[in-house]
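Reviewing the structure listed below.
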Amino acid sequence: MTRVALVPGCLALLPEYASLDDPVEELRSACLAAVAWLNEDVRVVAGAQGARVASALLAEVGAAPTSSAEAAYLIVGNGSARRSEKAPGHLDPRAAGFDELLARSLAKPDADALGALDRGLAAELWADVDPIVESADLLRGVDTVAIDYDADPYGVRYWVARWAQRA
């Protein structure tokens, strides 16, 4: 069975940003559960920031990145960071529509729609979708979908999702 999980590249998930009061406790819990679900051999698809987050999450659950063809996949990406006035990128009215399209395409999943995401618009909205676009074909023919987290704390849209495909 092929397993694929999506987590956001949220820096608050890194150990060096930990504090006594976890500002992303629910998100962290969902991310750790999804990464643990992948099992031990995991291929990471992420940009530089996402790779840091993936390494920290994998280490926390006792897994390691691999290049094995039999590995599960961990995709690190997120929606826009311009969903509110207090968001890192401030409010952009296009953010909600972009994120809703992305949310529908992740939940369905729609590999064609994910592969065709407008990367230029994503960059303007501070959305980290390149790993999602590059991994879209992994979601063709999946049997089960679980969206474990879907929220926009601090004006940034995050998802934690899991997909499985029986061989």
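A compact table of results
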item: Qualifying position, being within 15 Å of the chain's Cα centre (by Cα), among the hydrophobic types (A, V, I, L, M, F, W, C) and over 21 Å from A127 (Cβ atoms), among A18, A36; result: A36
item: Sole exception among (1) in contact with a Phe, Trp or Tyr (Cβ under 8 Å, 6 or more places away or on another chain); (2) closer than 30 Å to T2 by Cα; (3) not in a helix (DSSP H, G or I) for L138, by number; result: (3)
item: Unique residue being modelled with pLDDT under 95 and either out of contact with any helix residue (DSSP H, G or I) (no Cβ under 8 Å at 6 or more places or on another chain) or surrounded by fewer than 20 Cβ atoms within 10 Å (Cβ to Cβ) (or both) when the list is P15, P93; result: P15
item: Any hit, segment 122-133, residues being without any contact (Cβ under 8 Å) to a residue 12 or more places away in the chain and farther than 19 Å from V35 by Cα; result: yes
item: Only one of L125, L117 that is more than 18 Å from R43 (Cα to Cα), among the hydrophobic types (A, V, I, L, M, F, W, C) and in contact with a Lys or Arg (Cβ under 8 Å, 6 or more places away or on another chain); result: L125
item: Answer from S55, S80 - the residue that is assigned to a loop (DSSP other than H, G, I, E, B) and either within 19 Å of G120 (Cα to Cα) or among the small types (G, A, S) (or both); result: S80
item: Any pair with Cβ under 6 angstrom, 6 or more apart, that starts in segment 68-82 at a residue that is closer than 29 Å to D92 by Cα and ends at one that is among the basic types (K, R); result: G79/R157; S80/R157
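The values are calculated or read from the model by the stated rules, or taken from the named source; none is laboratory data. Fair warning: this is a prediction, and the values are worked out from it, not measured in the lab. As a convention, Cβ positions derive from the backbone with ideal geometry for all residues, glycine included, and neighbour counts pool all protein chains shown.
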